[in-house]
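*Asks:* The structure is given below, and queries will be raised subsequently.
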Amino acid sequence: MPFNYNKNPRELGPTIEGRDRKKTIYSVTVLCYIGGIQRKDKGGSLVEDELIAKKDLLEITGISYGQLYRWKRKQLIPESWFIRKSTFTGQETFFPKEKMLKRIQAISEMKDTLSLDELAERFSPQSVNKIVLAEHDLLDRNIVSSMTLHVYRKIEPDQQRFQFEDLLALFILDRMLKNGSMNSDEAKDLLGALKAHSHKVYDKNSCLYFVRKMGVPAFLLLAENVDIYFDNGIKVIDKMLLSSCIEALKVLIDRNQAEGPLDRSDQNE
Amino acid sequence: MTEEKKNLTISGSGSAPGGCYEDVKINGSGKIQGDIICKSIDINGSGRLSGDAKASSIVISGSGVIERNAIAESLMVNGSCRIDGNVSGERIQVNGRGKFNRDVHGEQVRVSGILTVGGELEAEDVIAEGPLTVGGLCSAEHIEITLSGITSRIKEIGCGTLSVRRRFPSNFIGQIFTGLTRKKLIVESIEGDEIFLEDTEAKVVRGNRVTIGAGCSIGKVTYKTDYKKDEKAIVQSAIKE
């Protein structure tokens with residue numbers, strides 16, 4: 001895992017809620033889980049804020065300026081990942097470290113077999129619209145557990161074909177049920193929110209918040225990952241970046257298409 | 001659905017609605033209201049398109065204004081042209097004066113007149129023999145700039161290979177005046193694999209192989225493999241990474 005857990009020990013996040021509420025998207029040093037906390041189930045969706053300077057990125061990954069700009073032109077790397085900040089040496093460009101390293105690794109792995117245009121197609125947020133799966137695919141491909149599907153069936157008993165937005169809703173539901181932040185009664189609200197709105201925010205840096213106040217659950221879908229501040233009674237139970245969920249889901253679908261069912265635990269590597 | 005598309009020709013002065021056409025020709029002064037989709041647009045006098053223009057070829061030989069986006073396989077400006085929206089085209093050639101106020105995406109961009117881009121310029125190849133002004137990032141696989149005319153200004157350059165060269169004046173009088181009227185390129189930052197510069201002012205240059213030629217004034221150079229500097233160039237610091 002290319003992560004420096006001890007980059008800034010003062011910032012070690014005490015709890016998920018406390019850290020989230022203070023988080024600023026442009027902060028360089030926010031990050032850091034103590035090594036012992038299991039990140040696996042979160043799929044990287046909680047730790048995404050550490051930035052990396054362009055120079056360091058090129059050094060770590062060994063790619064050149066030319067390649068970086070070529071990939072940007074082909075839209076393999078989204079414009080919104082280029083974050084400009086002033087530093088003492090002038091203006092510099094930073095990237096969200098984890099997303100960028102994952103993306104570069106993915107591109108380097110696939111660029112020998114696929115052309116850049118095919119890669120662009122694959123990373124494009126729009127390419128998902130073609131995906132339709134049937135119920136048995138969901139279970140075969142380990143996209144959801146049968147328990148989650150059971151919960152979903154209570155709400156949508158007759159659905160046979162699953163579009164990508166359904167898959168995404170199921171995928172997020174599955175994660176939230178599995179990490180224990182949500183109970184099955186709340187699933188309906190989540191699915192409602194995601195089905196109605198998630199397709200509008202695919203290509204943005206969108207973010208899902210799950211909060212509770214006095215035990216009453218609520219879901220918020222933010223089109224941009226901005227700071228939001230709640231009153232003290234509200235507790236942020238979970239926060240997910242849709243873009244990283246989408247990527248994880250795409251990897252899952254793609255990989256399974258290529259190689260058949262795999263163990264689900266592979267997806268985070 | 002096999003309705004034959006009609007040609008649209010304005011000779012003299014007139015205006016026409018937008019829509020689908022085969023060939024569109026404006027020979028005097030013409031105005032087209034609304035979006036237009038057609039095979040070719042040919043403006044020989046003065047033309048104004050108030051909507052989006054989508055065509056496989058757009059040729060502007062007089063003066064043209066497109067108030068919104070222009071999408072074309074080939075876009076050729078021989079006179080003067082202003083485009084207020086985004087421009088995308090495989091081949092973009094500006095022989096006169098082009099003022100594109102937003103982003104430009106192309107494969108081959110050739111400039112032998114004056115090109116001003118308000119936003120970003122992205123292409124595979126950019127070959128400019130006249131002043132090129134880009135308000136944002138100029139990103140291409142190959143960029144060749146021959147300096148002439150007035151000063152070129154580009155905010156940022158990101159590329160595979162970049163070469164900026166001065167043009168040698170062909171006649172004797174020109175040679176006398178080169179010292180006085182030296183053309184230059186002013187950039188904030190340049191990043192690329194292979195960089196060759198002449199007569200360039202830049203704050204930062206980063207690349208694998210960097211050659212700083214005569215007339216340059218560079219703040220900071222960082223390079224990976226090769227670095228050469230002409231004795232007539234001013235470089236404040238050069239660092240190997």
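The values are calculated or read from the model by the stated rules, or taken from the named source; none is laboratory data. As the structure is a computational prediction, the values presented were derived from the model and not from experiment. Here the Cβ is made from the backbone with ideal geometry for all residues, glycine too, and neighbour counts use every protein chain on show. Each accessible area value is taken on the protein alone, full model and side chains, heavy atoms only, with ligands, DNA and RNA left out. Shrake-Rupley method; radii C 1.70, N 1.55, O 1.52, S 1.80 Å.
*Asks:* Roughly how crowded by other chains is peptide A:66-76, in terms of the mean Cβ count from those chains within 10 Å of each of its Cβ atoms? Mind dumping the intermediate values first?
*Replies:* Details: counts 15, 2, 3, 13, 7, 0, 4, 10, 1, 1, 0.
Taking the mean over all residues of the peptide, I get 5.
*Asks:* Right, another one. What's the ranking of A:171-177, A:190-196 by average number of surrounding C-beta atoms within 10 Å, highest first?
*Replies:* Output ranking for A:171-177, A:190-196: A:171-177, A:190-196.
*Asks:* Before anything else, pin down the relative contact order of the range B:58-132: Cα pairs under 8 Å, at least 6 apart, normalised by residue count, whole percent.
*Replies:* It comes to 23 percent, rounded to a whole number.
*Asks:* What is the gain in length, in nm to one decimal, between A:F82 and A:D231 on full extension, counting 0.36 nm per residue of separation less the C-alpha to C-alpha distance?
*Replies:* That works out to 50.4 nm of additional length.
*Asks:* Checking the table A:K111/B:K155; B:K99/B:K184; A:K200/B:K99 against a 23 Å threshold on Cα-Cα, which pairs fail?
*Replies:* The pairs that break the limit, which is 23 Å between Cα atoms, are A:K111/B:K155; A:K200/B:K99.
*Asks:* Report D for chain B in µm² per second (integer): Stokes-Einstein, Kirkwood Rh on Cα pairs, 4 °C, 1.567 mPa s.
*Replies:* The calculation lands on 68 µm²/s.
*Asks:* Further question on the same structure: How large is the dipole of the range B:103-241 about the Cα centre if only Lys and Arg carry +1 and Asp and Glu carry -1, each at its Cβ, rounded to the nearest 20 debye?
*Replies:* Result for the range B:103-241 is approximately 760 debye, rounded to the nearest 20.
*Asks:* Amide H to amide H under 5 Å from B:L147: which residues, 5+ apart in sequence or cross-chain, H placed 1.01 Å off N in plane?
*Replies:* Long-range HN contacts for B:L147: B:R165, B:R166, B:R167.
*Asks:* Out of residues 5 or more away from B:Y21 or on other chains, whose amide H comes under 5 Å of its own, with H placed 1.01 Å from N in the peptide plane?
*Replies:* Here the answer is B:I37, B:C38, B:K39, since their amide H atoms fall under 5 Å of that of B:Y21.
*Asks:* Another question about this same structure. What number results when the radius of gyration of the range B:32-172, computed over Cα atoms, is divided by 2.2 N^0.38 Å?
*Replies:* Rounded to two decimals, the normalised Rg is 1.01.
*Asks:* Provide the percentage of antiparallel DSSP beta bridges, counting only those with both residues in the range B:103-241; round to the nearest 5.
*Replies:* Antiparallel: roughly 0 percent of the beta bridges in the range B:103-241.
*Asks:* Please identify every one of the trypsin sites (Lys or Arg not before Pro) in the range B:52-109 that sits in a loop by DSSP and has no more than 16 other beta carbons within 10 Å of its own beta carbon.
*Replies:* Those satisfying the criteria are B:R68.
*Asks:* Accessible area per residue, 1.4 Å probe, Å², for chain B: what's the number? Each step should come with its number before you reach the end.
*Replies:* Details: 11250 Å² over 241 residues.
Spelled out: the 1.4 Å probe surface of chain B, per residue, equals 47 Å².
*Asks:* Now for a different question. If each residue of separation counts as 0.36 nm, what is the full-extension length gain between A:S184 and A:S108 once their alpha-carbon separation is subtracted?
*Replies:* 23.3 nm
*Asks:* Is there a simple number for the mean count of other chain Cβ atoms within 10 Å of the Cβ of residues in B:134-145, and what is it?
*Replies:* Taking the mean over all residues of the peptide, I get 2.
*Asks:* Give me the accessible area buried between chains B and A, both sides summed, with a 1.4 Å probe, in Å² rounded to the nearest 100.
*Replies:* 1600 Å²
*Asks:* Could I ask something else about it? Which whole-number percent is the relative contact order of the range B:1-99 (Cα, under 8 Å, 6+ apart)?
*Replies:* 17 percent
*Asks:* Further, regarding this structure: Return the lysines within reach of B:K224: Cα separation strictly under 21 angstrom, same-chain partners fewer than 8 residues apart disregarded; answer none if there are no such residues.
*Replies:* A:K54, A:K55, B:K203, B:K240
*Asks:* Return the long-range amide H neighbours of B:V134 (sequence gap of 5 or more, or a different chain), with a cut-off of under 5 Å between placed amide H atoms.
*Replies:* Distant-sequence amide H within range of B:V134: B:V117, B:R153, B:I154, B:K155.
*Asks:* How far apart, in nm, are the 7 Å Cα→Cβ label points at A:Q160 and B:N7?
*Replies:* 5.4 nm
*Asks:* Tell me, what ³J(HN,Hα) does each residue in the range B:110-121 have, in order and in whole Hz, if you take phi through Karplus 6.51 cos²θ - 1.76 cosθ + 1.60 with θ = phi - 60° and put x for Gly and Pro?
*Replies:* Running phi through 6.51 cos²θ - 1.76 cosθ + 1.60 with θ = phi - 60° gives 10, 10, 10, x, 10, 10, 10, 10, x, x, 9, 10 Hz.
*Asks:* Which of B:D193, B:D84, B:D230 moves the most in a Gaussian network model of chain B with Cα springs under 10 Å?
*Replies:* Of the options given, B:D230 has the highest mean-square fluctuation.
*Asks:* Taking θ = phi - 60°, what integer Hz values does the Karplus form 6.51 cos²θ - 1.76 cosθ + 1.60 yield along the range A:155-172, in sequence order, with x for Gly and Pro?
*Replies:* Using θ = phi - 60°, the values come out as 8, 10, x, 9, 5, 9, 9, 10, 6, 4, 5, 5, 4, 5, 4, 5, 4, 5 Hz.
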